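Written out below as structure tokens is the structure these notes cover.
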Amino acid sequence: LRPCAGSGQAFSGRLLAVVATMLLTPGVRAELILSLPPTPEILRSGDIDFFTHTPDSKKNNRVSIFYATPRLLAAPDDPTQGYGRKYDANLRFGVADLLIGPENLAWTFLHRHTTTAEREDVMDLSLRTVHPVAELTPEDDTAALSAPQRAFIDQINQALEESVLDDLTIFVHGAFNSFYYAAAEAAQYKFFTGKQAVVLLFAWPTIEDHIAYGRNAKRAEGSEQAFNRMLELLARHSKSERINIIG
């Protein structure tokens, strides 16, 4: 991450360390409910606290991320949550809202238990709502934005203006991940940077079945065009200084 004005190279370098640590320490339970992972090593001493950059309006247990996906919305009774396995050639943009722990979890409790070495409480990450905003079809010109596409880009640019960072981070999940699971992983990066990172999930249409690796490989290859067009759209119209990709 590029050093940000007024915060120096230390903040940016330590953010990279947090990301690297989190890649190695997922909090996963047997029933495939993702829980908040252990506190990254660099934050455990208490000497460094990224949450000092968190504005008061965001000192809560809610985390929102942007997303782009060719998946189709899941049925209301579909346990996959948000978006399911079915997909088409269109790319859908929106915002996903997640919750850490129970609804009434106090910020003081959450902050204390995510800046210490040990944590007895298991805090599940739950996907509450998705808010579709725009679509990008294979025929759309990425140089000219429709009104819904402009609304989505405006949301990203507003988030960049409010952050101490100028970069957009795109998270690309691996095979077998549901939309919920991938969104929960992306939300970890958002949260442990003091909610400063502007994170967008690219949720390609995986099948959550380990014997389907061959089909997932084909789906990944088939998602390349949509991914490239998304990058082109963001590079043309977002105000991000750089686009980081975590895969």
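The values are calculated or read from the model by the stated rules, or taken from the named source; none is laboratory data. Because the structure is a prediction, the values reported are computed rather than measured. Here Cβ is always computed from backbone atoms with ideal geometry, including for glycine, and neighbour counts include all displayed protein chains. These accessible areas exclude ligands, DNA and RNA; they are computed on the full protein's heavy atoms, side chains included. Shrake-Rupley method; radii C 1.70, N 1.55, O 1.52, S 1.80 Å.
Does the range 117-125 contain at least one residue that is assigned to a strand (DSSP E or B), in contact with a strand residue (DSSP E or B) (Cβ under 9 Å, 6 or more places away or on another chain) and over 20 Å from Trp204 (Cα atoms)? Yes.
Exactly one residue out of Arg219, Arg215 is surrounded by 17 or more Cβ atoms within 10 Å (Cβ to Cβ) and among the basic types (Lys, Arg), and it is Arg219.
Determine whether Thr142 is β-branched (Val, Ile, Thr), touching a helix residue (DSSP H, G or I) at 6+ places or on another chain (Cβ under 7 Å), surrounded by 13 or more Cβ atoms within 10 Å (Cβ to Cβ) and assigned to a strand (DSSP E or B). In short, no. Restricting the search to the range 229-246, which residues are open to solvent by 90 Å² or more (accessible area, probe 1.4 Å) and part of a helix (DSSP H, G or I)? Arg236 - this is the single residue of the range 229-246 that is open to solvent by 90 Å² or more (accessible area, probe 1.4 Å) and part of a helix (DSSP H, G or I).
Taken together, the residues in the range 174-204 that are among the aromatic types (Phe, Trp, Tyr) and outside any helix (DSSP H, G or I) amount to 3. Taking (1) under 20 Å from Arg92 (Cβ atoms); (2) crowded, with 18+ Cβ neighbours inside 10 Å in turn, Gln225 satisfies each apart from (2).
With respect to Leu168, is the statement that it is under 21 Å from Thr69 (Cβ atoms), surrounded by fewer than 21 Cβ atoms within 10 Å (Cβ to Cβ) and of a type in the set (A, V, I, L, M) true? For Leu168, the condition - under 21 Å from Thr69 (Cβ atoms), surrounded by fewer than 21 Cβ atoms within 10 Å (Cβ to Cβ) and of a type in the set (A, V, I, L, M) - is not met.
Taking every residue in the range 117-136 that is over 12 Å from Leu98 (Cβ atoms) and modelled with pLDDT under 95 and pairing it with any residue that is among the polar types (S, T, N, Q) and assigned to a strand (DSSP E or B), at least 6 positions away or on another chain, the pairs with Cβ-Cβ distances below 9 Å are Val122/Ser35.
Taking Ile211, is it of a type in the set (A, V, I, L, M, F, W, C) and part of a loop (DSSP other than H, G, I, E, B)?
no
With the structure loaded, tell me whether Arg44 is under 21 Å from Arg219 (Cβ atoms), among the charged types (D, E, K, R) and touching a Ser or Thr at 6+ places or on another chain (Cβ under 7 Å) or whether it fails that test. In short, no. Residues of the range 74-99 that are at pLDDT 95 or above, surrounded by fewer than 22 Cβ atoms within 10 Å (Cβ to Cβ) and either more than 25 Å from Gly222 (Cβ to Cβ) or among the aliphatic types (A, V, I, L, M) (or both): Val95, Asp97, Leu99. Got at least one residue in the range 154-172 being among the small types (Gly, Ala, Ser) and over 19 Å from Ile243 (Cβ atoms)? No, there is no match, as no residue in the range 154-172 is among the small types (Gly, Ala, Ser) and over 19 Å from Ile243 (Cβ atoms).
Of the residues making up the range 87-116, those that are without any contact (Cβ under 8 Å) to a residue 40 or more places away in the chain and part of a strand (DSSP E or B) are Asp88, Asp97, Leu99. Scanning the range 42-73 for residues that are open to solvent by 30 Å² or more (accessible area, probe 1.4 Å) and either modelled with pLDDT of 85 or more or touching a His at 6+ places or on another chain (Cβ under 9 Å) (or both) yields Asp49, Thr52, His53, Pro55, Asp56, Ser57, Lys58, Lys59, Arg62, Ser64, Leu72, Leu73.
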